[in-house]
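The values are calculated or read from the model by the stated rules, or taken from the named source; none is laboratory data. Everything numeric in this text was worked out from a predicted model, so none of it was measured. When we count neighbours, we look across all protein chains shown, and the Cβ atoms used for this are built from the backbone with ideal geometry, even at glycine. Please note that ligands, DNA and RNA were not included when accessible areas were found on the heavy atoms of the full protein model with its side chains. Shrake-Rupley method; radii C 1.70, N 1.55, O 1.52, S 1.80 Å.
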Amino acid sequence: MKELSTKTKMSKTKIIILSIVALALLGGGVAAYYYRYVDKDKAETADTTHNDNINYSPPTEQEKKETEEHKKSLAEDKAPTNNPTGNSPSTKKSVTPVIVSYGQASGNVEVSARVPGVIESNGTCKLTLTKGSDSVSQSKKATPNASDTSCGFISIPRSKLSSGSWSAKVSYSSSKAEGVSAAKTIKVQ
């Protein structure tokens, strides 16, 4: 009977060892699969997400045509209008400049504004400060940026203004658009 129990023990030991070896092989297979396929898919996805929308091929005839049409429309925007009477055409787009910041700095009253709804380089911004019957104005050429047209900072020397509250408005005018901002009150010291 001792002999049987030794064989049984050896048999159980072999089963345990074989089970451990089988689990190790299974774990190794899973790890190899993960590193070969799952990580590779992640790496390929990460590498291609940045380059999917880049077209390195030469422009098509359609793209060349669209570019030429765009150039022509830009040239028309810069061309002087043929308006012998000097009156503004009634087809101008109505815009509302927005005063972004205002105050006194370095002996000047400064107002910064932008004009949403238009992106063009041929416009003029005009700051007008009014107090009672007194009015002082200063104009500045507007500049286009990515999303609108900027008036930048328009300055009026403090020496041209008396102390007190002044009403500030910025008007914008170009061959295609015009409008006036809401008033802001500036206290001149």
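Observations on the model:
- A count restricted to the range 139-164 and to residues that are hydroxyl-bearing (Ser, Thr, Tyr), within 20 Å of residue 124 (Cβ to Cβ) and open to solvent by 70 Å² or more (accessible area, probe 1.4 Å) stands at 2.
- Subset of the range 90-111 [of a type outside the set (Val, Ile, Thr), touching a residue at least 40 places away in the same chain (Cβ under 8 Å), in a loop (DSSP other than H, G, I, E, B) and out of contact with any helix residue (DSSP H, G or I) (no Cβ under 9 Å at 6 or more places or on another chain)]: 92, 97
- Pairs, first on the phi < 0 side of the Ramachandran plot in the range 66-78, second surrounded by 10 or more Cβ atoms within 10 Å (Cβ to Cβ) and at pLDDT below 75, C-beta under 6 Å, six or more apart: none
Okay, residues lined up against (1) among the hydrophobic types (A, V, I, L, M, F, W, C); (2) modelled with pLDDT under 95; (3) in a strand (DSSP E or B); (4) in contact with a helix residue (DSSP H, G or I) (Cβ under 7 Å, 6 or more places away or on another chain):
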site: 113; (1), (2), (3), (4): yes, no, yes, no
site: 119; (1), (2), (3), (4): yes, yes, no, no
site: 125; (1), (2), (3), (4): yes, no, yes, no
site: 138; (1), (2), (3), (4): no, no, yes, no
site: 146; (1), (2), (3), (4): yes, yes, no, no
site: 159; (1), (2), (3), (4): no, yes, no, no
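- Residue check for residue 187: surrounded by fewer than 19 Cβ atoms within 10 Å (Cβ to Cβ), modelled with pLDDT under 95, more than 30 Å from residue 74 (Cα to Cα) and basic (Lys, Arg): yes
- Scanning the range 113-138 for residues that are open to solvent by less than 60 Å² (accessible area, probe 1.4 Å) and either over 25 Å from the mean Cα position of the chain (by Cα) or within 15 Å of residue 100 (Cα to Cα) (or both) yields 113, 115, 116, 125, 127, 128, 129, 130, 136, 137.
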